[in-house]
Every structure is written in C-alpha cells, then in structure tokens.
Amino acid sequence: MEELSRLLTQQANDSTKVNTLLDIGAQLFRSEPDSSMVYSSQAIDLATEINFKKGLAYAYKNMGLGHYVKGEFSDVLIHWEKSLAIFEDINDETGISNLLNNLGAVYQTKGDDPKALGYFIRSVKIAEKIQDSSRIGTAYLNIGALYSNEESTYDDALAAYNKSKDIFSKMGYDEGIGAVAINMAEFYIDSRKPQDALPYLKDALEAYTRSGSNLSYTYNFIGKAYKNLKKYGLAKKYHQKAIQAADHNDAKLEKTKALISMGEVLIEQKAYAEAVGNLKEGLKLTEVTGVYRDKKDAYEGLSKAYSGMKDYKNAYNYQQLFTSISDTIRNDSYNESIGNMRFQFDLENKEREIQLLNVDNELKQTKIESTTASKRLLYALAALLLAIAGGLFSRYRFIKKSSVLLAKERNKSENILLNILPKETAEELKEQGYIKAKYFDEVTVLFTDFKQFSLVAEGIPAEDLVQSLDYFFKKFDIITEKHNLEKIKTIGDAYMCAGGLPTENTTHAENALSAALEILEFVRDTQNNPPDGIHPFEVRIGINTGPVVAGVVGTKKFQYDIWGNTVNIAARMESNSEPGKINVSENTYQRLKSRHDFTYRGEITAKNEQLLKMYYVEEKNSRKS
C-alpha cells in the first residue's frame with residue numbers, strides 16, 4: 001500500500017495512474033470503505049478527463065463496492081449501473097459478467113429474488129462463454145444463496161454451492177472459499193441443523209482471516225448457530241463480536257443483521273426490554289440499507305418482544321408491519337418468476353450436460369449411422385418421388401389456379417396476426433403453435449391518458465368521440481413504431497407501449513422519452529389547430545423502467561401483454577402527472593439524467609408502502625449538450 005501511494009506522487013495523469021488508484025481502492029474497500037471511495041472518486045475524475053473508458057468502468061465498480069460494504073444500496077446501484085453501461089459500450093464481457101453478478105447480489109440482499117436470479121443467470125452464461133472461473137464460481141455461489149431461501153429448492157442450492165466450492169478450491173481463492181463455507185453454514189442453520197453448520201463456520205473464519213476480509217458476517221452466523229443450540233452465552237458473545245467488527249468497518253448491513261440477531265437471543269432469555277433496544281437500532285439502520293428481509297426480521301422480533309412484555313398494542317402493530325412486508329417480499333408473481341427462470345436455466349444446463357455426455361458416442365457411431373442413414377434416405381426418397389410424381393400431374397392445374405388466391409389469403413392472415421402480435425411473437429406462434437412467456441430484465445413502459453375524458457365523453461356524440469380517439473391513437477401508433485417501441489394495448493382513453501421488447505435493446509428509455517416528447521408536441525398542435533370533427537384533448541404521460549414478464553393471453557382473441565410491478569409504477573407515474581407533462585420514475589431518471597434535464601417533484605406512496613420518487617421532464621432544451 002505504501003509503495004502504491006508513493007507511486008501515485010510520481011506518475012503522470014494517464015491510464016497507469018488510474019490503474020494505481022483502482023488498485024489502492026480495491027485493497028481498501030473492505031477495511032476502509034471511505035478511504036477506498038476517495039481513491040475511486042479520483043480515478044473517476046482522471047479516467048473521465050483522459051477518456052479511459054475501461055478505467056472509468058472499474059472506478060465506478062470500486063465506488064459501488066465501498067457503498068456496498070457500508071450498506072448504502074441506492075448508491076451502489078447508481079454506480080454499478082454506470083459501470084455496467086460502460087462495459088457494455090466497450091464490449092468487455094469479463095466486466096459485464098462481473099457487474100451483472102454484483103447487481104444481482106444487491107437485488108438479492110434487498111429481497112428482489114426474481115430480479116436477482118435474472119442477473120445471476122445472465123452473468124454465469126457470459127462467464128461460461130469466456131471461461132472466467134472466478135465469475136462462474138461467484139455466480140453459482142449467489143444462485144445457491146438465492147435457492148436456499150426456499151425449502152423447495154434446497155437441493156438446487158447445495159448443487160450450486162458445491163459447483164462454486166470446487167471452482168474456488170482449484171483457484172486457491174480464500175475469499176470465495178470463505179463465502180461458500182458461510183453460505184453452506186447458513187443453509188444448515190436454516191435447515192435446523194446448527195451442529196452441522198459449525199465446521200463450515202470454522203472454515204469460513206479461517207479463510208476470511210487469511211484473505212483479510214471483514215469477519216462480522218461470520219461471527220454473526222456463529223452466534224446464530226449457538227442460539228439454535230440454546231447456548232445463549234456463546235451466542236451473545238459472537239453477536240457482540242459481529243457488532244464490533246461491523247462498527248470498525250462502518251459496515252451498516254452487517255451491523256443491522258448482528259443487532260437483530262442479538263435481539264432474537266435476548267428474547268429467548270426473556271430480556272425483552274434489552275431486545276427491543278437492539279431490534280429498534282437494527283430497524284433504524286434498515287432505513288439506510290433498504291433491506292426488506294432485515295426489516296421483516298426486526299418487525300417479527302419486536303412483535304415477540306412486546307408480546308413478552310405484555311404490551312399487546314405494540315405487539316399487534318409490529319405484527320401487522322411484519323405481515324405487510326412479508327407480502328411485499330413474496331408478491332403474487334414471485335414464485336412464478338423464480339420457477340420459470342429456474343426451469344429455463346436448469347433445462348439449458350441439462351441440455352449442455354447431455355451434449356457433453358453424448359459427444360463421444362456420437363463420434364464413434366457417426367460412420368456406421370451415416371452409412372445406414374444414407375441407404376435408408378435413398379430408398380425413402382425414391383419411394384417418395386415416385387408417389388409425388390403420380391400426384392403432381394393431376395394436381396397441377398388446380399394448384400396453378402388456386403395458388404394466387406391462397407397467397408392473397410395467407411398474406412391477409414399474416415397481416416392480421418402482425419396487427420395483433422409483435423413480429424417475433426407471431427413467428428413463434430406459427431412455428432410452435434403456442435407462445436411461451438418471457439422474462440425481460442429491463443424495459444421502459446409508457447402510459448398516456450387524456451384529461452377529463454369521462455366528462456368529455458358525456459358531452460359529445462359517440463361517433464365524434466370514437467373518431468377523435470381513432471385520430472389520436474393512429475398517430476400514437478406511428479410515433480411508437482418510429483421510436484422502436486411496441487404498442488401493447490389501449491384501454492378506453494389510455495394508451496400503453498413499451499421499449500426493449502420483444503427484441504431487447506439498450507436504448508429503450510431514450511426511445512420512450514423521445515416518443516413521449518413527440519406525442520406531447522402532436523397533442524398540442526392538435527389543440528391549436530383541431531381538424532373538423534376532432535375533439536382536442538390534453539394528455540398526461542408517465543414512464544417507468546424495470547423488469548417485466550411478457551406473453552400472449554387468450555386462445556381465440558390473442559393479445560400480447562406485459563405484467564409486473566414495472567407496469568404498475570408506470571401507470572402510477574401517469575396518474576400522478578399533469579396535463580402537458582411527462583412524469584418519470586426514479587429508475588427512468590437514473591438512465592436519462594446525464595442526457596436530459598429533469599425537475600424533482602417529490603414522492604408518492606405505492607400500495608405496498610414503497611415510496612416512489614417522481615421527476616418532470618424539462619422539454620425546452622431537454623437534451624443536454
């Protein structure tokens with residue numbers, strides 16, 4: 001470290017100096033995250049100044065690591081999304097795989113398992129393609145941790161952990177070995193086998209000590225194991241060590257977990273008042289970390305503690321909070337999303353394994369099979385050609401007359417299908433006879449509706465109303481197609497479209513905003529010069545970015561549709577917008593703020609009590625130079 005610091009003073013402001021700053025930041029982020037972020041900030045400034053994109057990507061990654069250790073996950077996401085975007089821009093597959101895995105770890109920690117699994121699977125696919133052992137091992141470790149959240153996927157968790165352990169052991173990677181050991185220990189603790197967890201925790205402690213990592217997490221799990229063994233004195237001892245280690249590193253996430261765990265031990269000892277103090281301190285830290293599972297555990301502990309104190313009013317209040325947040329973590333689409341992605345991932349793995357197992361046999365049988373197959377094919381073709389020749393002549397005249405009509409009808413049918421479904425989806429339906437639902441990790445959803453539509457509908461003839469809607473929506477369709485968006489549906493006066501599907505792209509947020517601005521301009525032009533028979537409306541627009549599931553519903557009348565919380569939030573953005581305004585969510589804002597001007601306008605509360613930040617697009621000079 002001293003040698004690197006000395007080198008900094010001698011180096012010119014070039015890529016070598018950026019790399020030195022990155023090396024120092026990487027060495028410090030676990031033990032001194034604040035110091036690490038200072039060096040990372042310097043690396044960001046210098047890499048930007050000299051246009052060193054790869055260095056800039058790693059600098060944002062290191063900055064995110066510092067925030068991650070401190071449990072400041074909103075800041076983590078901001079920096080890692082920037083890092084990922086740069087790695088994608090320069091097509092650095094190692095960096096892409098790394099950041100996808102890291103982002104998955106954040107969403108897993110925050111309790112969004114479906115989104116986390118999507119990132120992990122994308123990461124491991126790229127890592128396997130480029131044969132990056134470190135990334136493969138880390139991705140399987142995280143997939144194992146995610147599968148261990150549900151008893152139904154415990155076997156899958158163990159399989160993923162063992163894959164990760166084998167990879168890290170071959171590499172001699174102590175931090176990876178420690179991570180696998182501690183996750184295996186957590187698995188046995190959750191499986192109510194605390195005695196089996198202790199050897200793994202010993203291995204984790206040794207590996208993390210060798211690598212110089214923060215020991216707070218390991219101490220906390222040792223405490224959990226002893227609590228389950230009803231050795232409460234030892235449990236408290238290790239939870240206290242975990243709190244101290246977390247304080248030393250300003251590791252808010254680890255401290256949160258240790259405080260909650262300490263509260264749980266105190267409840268077992270009937271020290272309810274002391275338990276409340278620890279649990280409330282841990283709960284307060286979740287306001288910084290934003291980790292739902294920790295909130296849930298704190299609410300549950302506080303409910304039990306107050307019940308033990310016979311303070312049933314507070315016990316009931318915290319039980320209600322516990323129930324509410326449990327529903328948030330496990331919403332209706334959770335199991336379906338996890339199950340679909342897990343099935344697809346396992347299927348692809350099985351297919352690869354079968355291909356590898358069969359390759360030798362295929363090579364051995366090729367000569368024999370090719371000879372036999374050639375003979376069979378020759379006989380079959382001869383028979384087929386003879387049969388076809390007999391029928392072709394008699395059918396020739398009929399086919400000649402009807403082929404033009406059939407082609408017209410086929411084209412008409414295909415055009416109708418393409419008006420209902422995206423091209424790729426229509427092709428899938430024609431080829432397979434059905435359409436499989438697909439998970440998209442990131443799309444941008446746009447909603448519009450017209451001001452006071454219901455009042456207007458009551459005051460004008462129905463024919464004029466339909467004609468007016470048709471006039472506006474036809475133009476919206478043109479704008480949507482122009483900006484590479486997919487029209488989803490109209491509901492009354494509401495129009496919904498999305499970018500980034502059915503073909504994924506990285507420009508969906510920019511495309512959606514460009515379409516929104518053009519829609520706004522068209523509606524205003526119509527207000528100023530309405531054509532005959534067209535009622536001029538004012539329009540509200542809302543935009544949000546995030547994951548969705550897309551598919552086709554119905555068997556007689558097909559409809560391509562999308563589902564998920566991303567759609568709900570986009571609708572909330574629209575309903576909380578104002579006529580003539582474009583209201584965007586925090587997710588969309590983060591992707592566009594470097595290129596457009598926005599005005600922050602406050603927060604609204606979603607149905608699950610989540611606070612949603614909102615921003616208005618500033619139309620004049622919206623695009624930054």
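The values are calculated or read from the model by the stated rules, or taken from the named source; none is laboratory data. This is a predicted model, so every value here is computed, not measured. Here the Cβ positions follow ideal geometry from the backbone for every residue, glycine too, while neighbour counts run over all protein chains shown. Heavy atoms of the whole protein, side chains included, go into the accessibility calculation; ligands, DNA and RNA do not. Shrake-Rupley method; radii C 1.70, N 1.55, O 1.52, S 1.80 Å.
Looking at the structure I just gave you, is Asp45 out of contact with any helix residue (DSSP H, G or I) (no Cβ under 6 Å at 6 or more places or on another chain) and touching a residue at least 60 places away in the same chain (Cβ under 8 Å)? Before you say what the answer is, go through the steps one by one.
Values: out of contact with any helix residue (DSSP H, G or I) (no Cβ under 6 Å at 6 or more places or on another chain): yes; touching a residue at least 60 places away in the same chain (Cβ under 8 Å): no.
Here the answer is no, as Asp45 does not meet what is asked.
Note down all Cβ pairs under 7 Å where the first residue falls in the stretch 188-210 and is touching a residue at least 40 places away in the same chain (Cβ under 8 Å), the second is small (Gly, Ala, Ser) and surrounded by 15 or more Cβ atoms within 10 Å (Cβ to Cβ), and they're at least six residues apart or on different chains.
Partner pairs satisfying both residue conditions: Asp190/Ser148.
Output the number of the condition that Pro199 fails; it satisfies all remaining conditions of (1) open to solvent by less than 60 Å² (accessible area, probe 1.4 Å); (2) part of a helix (DSSP H, G or I).
Only one criterion in (1) open to solvent by less than 60 Å² (accessible area, probe 1.4 Å); (2) part of a helix (DSSP H, G or I) is unmet by Pro199, namely (1).
Tell me the residue from Gly551, Gly533, Gly546, Gly564 that is modelled with pLDDT of 90 or more and not aromatic (Phe, Trp, Tyr), please.
Details: Gly551 fails: modelled with pLDDT of 90 or more; Gly533 fails: modelled with pLDDT of 90 or more; Gly564 fails: modelled with pLDDT of 90 or more.
Going through Gly551, Gly533, Gly546, Gly564 in turn, the sole match is Gly546.
Restricting the stretch 5-35 to residues that are in contact (Cβ under 8 Å) with a residue 40 or more places away in the chain and among the hydroxyl-bearing types (Ser, Thr, Tyr), which is farthest from Thr48 (Cα to Cα)?
Looking at the filtered set, the residue picked out is Ser31.
Among all residue pairs at least 6 apart or on different chains, which show Cβ distances below 8 Å where the first residue, located in the stretch 492-503, is farther than 27 Å from Glu538 by Cα and outside any loop (DSSP other than H, G, I, E, B) and the second is of a type in the set (S, T, N, Q) and open to solvent by 10 Å² or more (accessible area, probe 1.4 Å)?
none
Only one of (1) open to solvent by less than 40 Å² (accessible area, probe 1.4 Å); (2) modelled with pLDDT of 95 or more fails for Leu517. Which number is that?
(1) is the only condition that Leu517 fails.
How many residues, within the stretch 299-321, are free of Cβ contacts under 8 Å to residues at least 24 places away in the same chain, of a type in the set (Ser, Thr, Tyr) and open to solvent by less than 70 Å² (accessible area, probe 1.4 Å)?
The total comes to 3.
Would you mind telling me which numbered condition in (1) touching an Asp or Glu at 6+ places or on another chain (Cβ under 9 Å); (2) surrounded by fewer than 19 Cβ atoms within 10 Å (Cβ to Cβ); (3) modelled with pLDDT of 85 or more; (4) farther than 16 Å from Ile582 by Cβ Arg524 fails?
(4)
Residues being on the phi > 0 side of the Ramachandran plot and more than 33 Å from the chain's Cα centre (by Cα): count how many of those fall in the stretch 435-490.
1
Pick from Thr507, Thr490: which is at pLDDT 90 or above and among the hydroxyl-bearing types (Ser, Thr, Tyr)?
Numbers: Thr490 fails: at pLDDT 90 or above.
Residue meeting the stated conditions: Thr507.
Which of the numbered conditions does Lys257 fail, given that it passes all the others? Conditions: (1) basic (Lys, Arg); (2) open to solvent by less than 60 Å² (accessible area, probe 1.4 Å); (3) within 23 Å of Gln27 (Cα to Cα).
Looking at each condition in turn, Lys257 falls short on (3).
Out of Lys284, Lys280, Lys296, I need the residue that is surrounded by 21 or more Cβ atoms within 10 Å (Cβ to Cβ) and among the charged types (D, E, K, R). Which one? I'd like the intermediate steps shown before the answer.
Working: Lys284 fails: surrounded by 21 or more Cβ atoms within 10 Å (Cβ to Cβ); Lys280 fails: surrounded by 21 or more Cβ atoms within 10 Å (Cβ to Cβ).
After applying the criteria, what remains is Lys296.
Filter the stretch 10-27 down to the residues that are among the aliphatic types (A, V, I, L, M), over 28 Å from the mean Cα position of the chain (by Cα) and open to solvent by less than 40 Å² (accessible area, probe 1.4 Å), then identify the one that is nearest to Arg210 (Cα to Cα).
Filtering the stretch 10-27 for residues among the aliphatic types (A, V, I, L, M) gives 12, 18, 21-22, 24, 26.
Those still in the list that are over 28 Å from the mean Cα position of the chain (by Cα) too: 12, 18, 21, 24.
With the extra rule that they be open to solvent by less than 40 Å² (accessible area, probe 1.4 Å), the set shrinks to 18, 21, 24.
On the way: Val18: 28, Leu21: 24, Ile24: 19 Å.
That would be Ile24.
Wholly within the stretch 38-138, which helices (runs of 4 or more DSSP H) include no fewer than the required count, namely at least 2 residues that are open to solvent by 10 Å² or more (accessible area, probe 1.4 Å) and on the phi > 0 side of the Ramachandran plot?
Details: elements: 53-70, 73-89, 93-110, 113-130.
It comes to none.
For the stretch 165-180, name all the residues that are among the basic types (Lys, Arg) and within 26 Å of the chain's Cα centre (by Cα).
Of the stretch 165-180, the ones among the basic types (Lys, Arg) are 165, 170.
Listed by number, the list holds a single entry, Lys165.
Condition first: buried (at least 24 other Cβ atoms within 10 Å of the Cβ) and not aliphatic (A, V, I, L, M). Now tell me which residues in the stretch 239-251 satisfy that.
If the condition is that a residue be buried (at least 24 other Cβ atoms within 10 Å of the Cβ) and not aliphatic (A, V, I, L, M), then His239 is the only one that fits.
Just to be sure I understand the filter: pairs with C-beta atoms under 7 Å, separated by 6 or more residues or on different chains, first member in the stretch 152-164 and touching a residue at least 40 places away in the same chain (Cβ under 8 Å), second member among the hydroxyl-bearing types (Ser, Thr, Tyr) and open to solvent by less than 10 Å² (accessible area, probe 1.4 Å). Which pairs pass?
Filtered contacts from the stretch 152-164: Thr153/Tyr147; Asp156/Tyr147.
Please verify whether Ala271 is buried (at least 21 other Cβ atoms within 10 Å of the Cβ) and either hydrophobic (A, V, I, L, M, F, W, C) or in contact (Cβ under 8 Å) with a residue 40 or more places away in the chain (or both), treating the condition exactly as stated. Break it down into steps so the answer makes sense when it comes.
Numbers: buried (at least 21 other Cβ atoms within 10 Å of the Cβ): no; either hydrophobic (A, V, I, L, M, F, W, C) or in contact (Cβ under 8 Å) with a residue 40 or more places away in the chain (or both): yes.
Spelling it out, it is not the case that Ala271 is buried (at least 21 other Cβ atoms within 10 Å of the Cβ) and either hydrophobic (A, V, I, L, M, F, W, C) or in contact (Cβ under 8 Å) with a residue 40 or more places away in the chain (or both).
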